[in-house]
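For reference, the structure is listed below as structure tokens.
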Amino acid sequence: MGTHEISPPKELKDSSGLIVGGTAGIGLATAVGLAQAGAPRIMVVGRGTERGQTAVERISSVNSACEVSFLSADATTSDGAAHIASEAERILGGVDILVSTTAADVRPELFANIPTDDIARIFNQLALPCMYLASEIVPHMTARKGGVIINLASDAGKTATPGESVIGAAKAAIVMFTRTLAIEAKRSGIRVNVLTPSLVNGTASTERITSDGFSAKLFAKAAQQAHLGVPESEDLAALAVFLASPAARRLTGQAISVNGGISAA
């Protein structure tokens, strides 16, 4: 084996998946997609136990042979991420695919209207979970000489958007973190990519930002630019499943927008 050669990536039918933020929206759709693709073991992480059990039932319904588990935990703290990683490694027998789709209860607002004391909370809740999780999981993937990490950011991290000064800064941090980690981890056979949607129909985040106020007007205009249609969670999930598969074995460090044509970010 040459200096830069690595072991072949695992087939999805041989891979275990950890989906953090996997009880709803894009995370749940991705877990369902991985189960449909034959993943034998999947753990979803969220805060609500009732929603977690519903997610387990949904995932199991598409692949009864898949061992699906739920963990109630909070990835916004380093201790929470360490707990998630420890339990996932134990229950799954090793994490081959890490998907970080955590969200925060924030909505776009002009910077002048954001209290100073809220800035750190908004930024940290959005930007840090994927970093905490990678910090705990990457050493295990490195030891196994392979793995896939898929983060979720948004087009706000690529395109300056009114009302998304802090949100955009946090999303841009995720994008650059992903790109840099991809370059650092490639020698260990670890691929790292990030999805950057705009609006996604049917998710709590989209419902929150389009319900009323400044953000509702902003994103109503954005939706009009999605001439291919505002994406669904399943559109993002399909891409995530592809990125997790050997078909994307040479694709890493990319920030991919799925936005129906809202922008060419």
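The values are calculated or read from the model by the stated rules, or taken from the named source; none is laboratory data. Only a predicted model underlies this, so the values are computations on that prediction, with no experimental measurement involved. As a convention, Cβ positions derive from the backbone with ideal geometry for all residues, glycine included, and neighbour counts pool all protein chains shown. We work out accessible area using only protein heavy atoms, side chains counted, and drop any ligands, DNA or RNA first. Shrake-Rupley method; radii C 1.70, N 1.55, O 1.52, S 1.80 Å.
Couple of notes before you dig in:
- Cross-chain or 6+ apart pairs with Cβ under 6 Å, the range 60-89 first and over 12 Å from L133 (Cβ atoms) and β-branched (V, I, T), then open to solvent by 30 Å² or more (accessible area, probe 1.4 Å) and modelled with pLDDT of 95 or more: V62/Q36; V68/S60
One line per residue, one yes/no per condition, for (1) within 19 Å of R121 (Cα to Cα); (2) touching a Phe, Trp or Tyr at 6+ places or on another chain (Cβ under 6 Å):
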site	(1), (2)
A156	yes, no
A160	no, no
S165	yes, yes
A169	yes, no
R179	no, no
A182	no, no
A185	no, no
G189	no, no
N193	no, no
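- The set of residues in the range 96-117 being open to solvent by less than 50 Å² (accessible area, probe 1.4 Å) and either in a strand (DSSP E or B) or over 23 Å from A24 (Cα atoms) (or both) consists of I97, L98, V99, S100, I114.
- Residue in the range 187-198 that is modelled with pLDDT under 95, farther than 25 Å from M141 by Cα and open to solvent by 30 Å² or more (accessible area, probe 1.4 Å) present: yes
Residues checked against (1) open to solvent by less than 10 Å² (accessible area, probe 1.4 Å); (2) within 30 Å of A156 (Cα to Cα); (3) in a helix (DSSP H, G or I):
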site: V45; (1), (2), (3): yes, yes, no
site: Q53; (1), (2), (3): no, no, yes
site: S61; (1), (2), (3): no, no, yes
site: D74; (1), (2), (3): no, yes, no
site: G94; (1), (2), (3): yes, no, no
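- Residue in the range 229-240 that is of a type in the set (S, T, Y) and modelled with pLDDT under 90 present: no
Matching residues to (1) among the hydroxyl-bearing types (S, T, Y); (2) open to solvent by 30 Å² or more (accessible area, probe 1.4 Å); (3) on the phi > 0 side of the Ramachandran plot:
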{"position": "E5", "(1), (2), (3)": "no, yes, no"}
{"position": "D14", "(1), (2), (3)": "no, yes, no"}
{"position": "I26", "(1), (2), (3)": "no, no, no"}
{"position": "T30", "(1), (2), (3)": "yes, no, no"}
{"position": "A37", "(1), (2), (3)": "no, yes, no"}
